[in-house]
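Working notes, structure below.
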Amino acid sequence: MSSPIIRVHWLNESRAFKVLWLLEYLKLDYEIIPYMRDEGRRAPESLKKIHPLGRSPVVEVEDRATGKKKVLAESGYIFQYVLQHFDPKGSLNNADPDKAEEIQYYLHYAEGSMMPPFFIEYLLSMVRNATPFPLSYLTGKVADKISERYSRGETKNQLDFLEGQLSKNQGYLVGGKLSAADILICLPLQMAFSRKTADAKDYPHIDKWLNTVTSDAAYKVAKEKAQANGGKF
Ligand SMILES: N[C@@H](CCC(=O)N[C@@H](CS)C(=O)NCC(=O)O)C(=O)O
């Protein structure tokens, strides 16, 4: 049976990067359909023609013979689908069933527990810069309060958890080797350090792991393709 057509609906500067890296690692052929964020950093309306929520990543998988299409959304589900259908040798999975279940856990964890506090911190940074002085003084104070009461502590909670996991799994999240779990959680951690939500010096295992995983050849190719389609790093 011939391989399906895979189309990645890619929004510049987005989580869709993880999907490029995943597909590159598995040496799959795919097309990138690029979309650019608008001035409010939202996705263009045209993305809603592919999936009603209009978020990226969205992946279309089309059967070459019948033209039947599946539209996949939610990065964790996309990863799960790709592992199940396009990684027959389990190169980003684990032969040990317990470890494979741990990888599944991280596919849910990434968007369920990890992303929300990082996203709130990001929104609060936008709030701080959204208004001119003297209003910015007030909005800044409100943003600081929300951060202090919830998101700063909660991002620390997530980072402490991941630092602990990486310290006891031979440098990777699961089973001492690169898996889909590492690819899925890498980008928010890079952003946490680059946006100074956290200091890399406080998280030596995460810092070392980031250096290791971002040296992967497939990561570099995905990055070049992302940059060629409006991504910034
Ligand atoms: N939970 C979704 C989140 C998707 C999402 O929010 N993507 C962002 C890009 S990182 C987006 O499309 N933002 C554009 C918008 O909200 O208009 C996933 O895991 O894929």
Review point. Among the residues of the stretch 76-85, is there at least one that is part of a loop (DSSP other than H, G, I, E, B) and surrounded by fewer than 20 Cβ atoms within 10 Å (Cβ to Cβ)?
Key: no
**Study point:** Contacts under 9 angstrom Cβ, first residue in the stretch 156-178 being within 20 Å of Asp199 (Cβ to Cβ), partner polar (S, T, N, Q) and modelled with pLDDT under 95, 6 or more apart
**Key:** Leu159/Thr197
Study note, to complete from the structure: Per the filter on the stretch 55-79, residues touching a Phe, Trp or Tyr at 6+ places or on another chain (Cβ under 9 Å) and either on the phi > 0 side of the Ramachandran plot or within 7 Å of the ligand (Cβ to nearest atom) (or both) are Ser56, Pro57, Gly76
Check your understanding: Is the stretch 43-54 home to any residue that is more than 30 Å from Ala130 (Cα to Cα), assigned to a helix (DSSP H, G or I) and within 15 Å of the ligand (Cβ to nearest atom)?
Key -> yes
**Study point:** In the stretch 58-106, the residues that are within 20 Å of the chain's Cα centre (by Cα), under 19 Å from Gly176 (Cβ atoms) and of a type in the set (A, V, I, L, M)
**Key:** Leu83, Leu92, Ala100, Ile103
**Study point:** Residue check, Phe86 within 15 Å of the ligand (Cβ to nearest atom) and of a type in the set (Phe, Trp, Tyr)
**Key:** no
Study note, to complete from the structure: Considering the stretch 3-16, residues that are more than 9 Å from the ligand (Cβ to nearest atom) and either at pLDDT below 95 or among the hydrophobic types (A, V, I, L, M, F, W, C) (or both), and then whichever is surrounded by the most Cβ atoms within 10 Å (Cβ to Cβ), we arrive at Trp10
Exercise for review: Examine the stretch 207-218 for a residue that is surrounded by 17 or more Cβ atoms within 10 Å (Cβ to Cβ) and under 12 Å from Phe17 (Cα atoms), and state whether such a residue exists.
Suggested key: yes
Review point. Does the stretch 17-29 hold any residues that are buried (at least 18 other Cβ atoms within 10 Å of the Cβ) and either away from the ligand (no atom under 15 Å from the Cβ) or among the aliphatic types (A, V, I, L, M) (or both), and which are they?
Key: Val19, Leu20, Leu22, Leu23, Glu24, Tyr25, Leu26
Review point. Is the stretch 26-37 home to any residue that is over 25 Å from Thr66 (Cβ atoms), over 14 Å from the mean Cα position of the chain (by Cα), assigned to a loop (DSSP other than H, G, I, E, B) and modelled with pLDDT of 95 or more?
Key: yes
Revision key, fill the gap. In the set Glu224, Glu154, the lone residue that is closer than 29 Å to Leu20 by Cβ, of a type outside the set (A, V, I, L, M) and crowded, with 17+ Cβ neighbours inside 10 Å is Glu154
Practice item. Go through the residues of the stretch 173-186 one by one and say whether even a single one is among the β-branched types (Val, Ile, Thr), at pLDDT 95 or above and not in a helix (DSSP H, G or I). Key: yes
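The values are calculated or read from the model by the stated rules, or taken from the named source; none is laboratory data. Only a predicted model underlies this, so the values are computations on that prediction, with no experimental measurement involved. Neighbour counts are summed over all protein chains in view; Cβ atoms, including those assigned to glycine, are modelled from backbone coordinates with ideal geometry.
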